[in-house]
Amino acid sequence: MSTIPRLYVPADLAAGAMVAGSAAQAHYLGTVLRCAANDPVHLFNGQHGEWTARIADLRRDRVTLAVETQRRPQEPEPDLWLVFALLKRDATDLVVQKATELGASALLPVFTDRTNAARVNETRLAAIATEAAEQCERLTVPVLHPPTRLPDLLSTWPADRHLYAAIERTTAPPPRLANAPTNAARKAALLVGPEGGFTPAELDAMLRHPFVTPVSLGPRILRAETACVAGLALLQGPWCG
C-alpha cells in the first residue's frame, strides 16, 4: 500500500488491544484497498489520540485490528458548532463534509420557514462526517444532532455559547472571535440560513436573544453551502496560528 488507511473506531485504544472493525471497514480494507493480514492501519476514536495497528484477521465481513503504538496524543480542538438550514441532499452532504474538514465540533441541522428539505438521512450524514474526519486527519468526528426547528433550537440554546448569525445584505461586521465576549472565546457557533435567507419574522425572533450576534460574510450573496464554509473559516482563524 502507498498510503496507510485511517479508520475511526468507537473502541478504546491502547497498546495490545484487539479491535473489531465493522463489516463496511472489512469490505473497504479487503475489497477496495486490497489489504492483507499484517498490513498497517491508523486508528482514532476521538478520545485516545491516533494509533498504529496491524490487520490481525481480515475476512469478507469482519476485520480484527491489533493496536500497537500511539502516533499522536489526543489534543484540544476548537469547540465550534455549525447550525445550518437543511438543503437539498447533495448540498447538505457537502456542508457536512466541508464542516468536518474545517474542524466543526458539532453539526446542528435545522428546519426554517424557507427550508426546502422535508427529511434527512442521519445515518448517511454521520457516515459522511466520519469519512471526512478519516481523510482530513483530525482526531475527532463531529457530533451530529437530530434536525430540529429553529425556534426550538433557540429556546434551548446554552447561554454560555455565542451564536453568530450570517445575515445577507447587512452592514454588520464579519465574525471575529477576538471581539467576542470572554465566555465565547473557546465556545462559539455559526448559524447559516437556507437559500433565500431567513424570513423577517425569523430575524426578529432570532435577534431578540442576547447570545445572537448578526454578522456579514461579505458583499456578495453566497449560496448556503458556500456561506457555511466561509463562515467557519473566518471563525476558526484564531486556532490556525
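Read-outs throughout are calculated quantities, based only on the coordinates presented, and are distinct from any laboratory measurement. Not measured: the values here are computed from a predicted model. Please note: Cβ atoms are built from the backbone with ideal geometry, for glycine as well, and neighbour counts cover all protein chains shown.
For residue 71, nonlocal amide neighbours, meaning residues 5 or more places apart or on other chains whose placed amide H falls under 5 Å from its own, are 50, 51, 52. Our Cα-only numbers for region 1-125 put the radius of gyration and Dmax at 17.5, 54 Å.
Helix-only mean residue ellipticity at 222 nm, the chain, DSSP H runs n ≥ 4 weighted -39,500 (n - 2.57), per residue, nearest 500. What is it? Present the calculation step by step, with values, prior to reporting the outcome.
Values: 6 runs with 59 residues, N = 241.
Helices in the chain give a 222 nm mean residue ellipticity of -7000 deg cm²/dmol.
Summing Cβ point charges (Lys, Arg +1; Asp, Glu -1) relative to the Cα centre of region 6-72 gives a dipole of roughly 180 debye. Of 95, 163, 33, whose Cα points farthest to the positive end of the dipole of the chain (charges on the beta-carbon: +1 Lys, Arg; -1 Asp, Glu; origin at the Cα centre)? After comparing all options, I get 95.
Treating the beta-carbon of each Lys and Arg as +1 and of each Asp and Glu as -1, no other charges, what is the dipole magnitude of the chain about its Cα centre, to the nearest 20 debye? Please list the in-between numbers first.
Details: 24 positive and 24 negative charges, 50 e Å.
Once rounded to the nearest 20, the dipole reads 240 debye.
With all pairs of different alpha carbon atoms counted, what Kirkwood hydrodynamic radius in Å does region 1-43 show? Here the Kirkwood hydrodynamic radius works out to 11.2 Å. Sorted largest first, the principal axis extents computed over the alpha-carbon atoms of region 6-72 equal 28, 19, 16 Å.
Contour minus end-to-end for residue 216 and residue 155, with contour as 0.36 nm per residue of separation and end-to-end as the Cα-Cα distance? Present the calculation step by step, with values, prior to reporting the outcome.
Working: separation 61, 0.36 × 61 = 21.96 nm, distance 2.35 nm.
Length difference between fully extended and current span is 19.6 nm.
Pair-distance distribution P(r) for the chain, from all Cα-Cα distances in 5 Å bins starting at 0: 1, 6, 13, 16, 16, 13, 10, 8, 7, 5, 2, 1, 0 percent.
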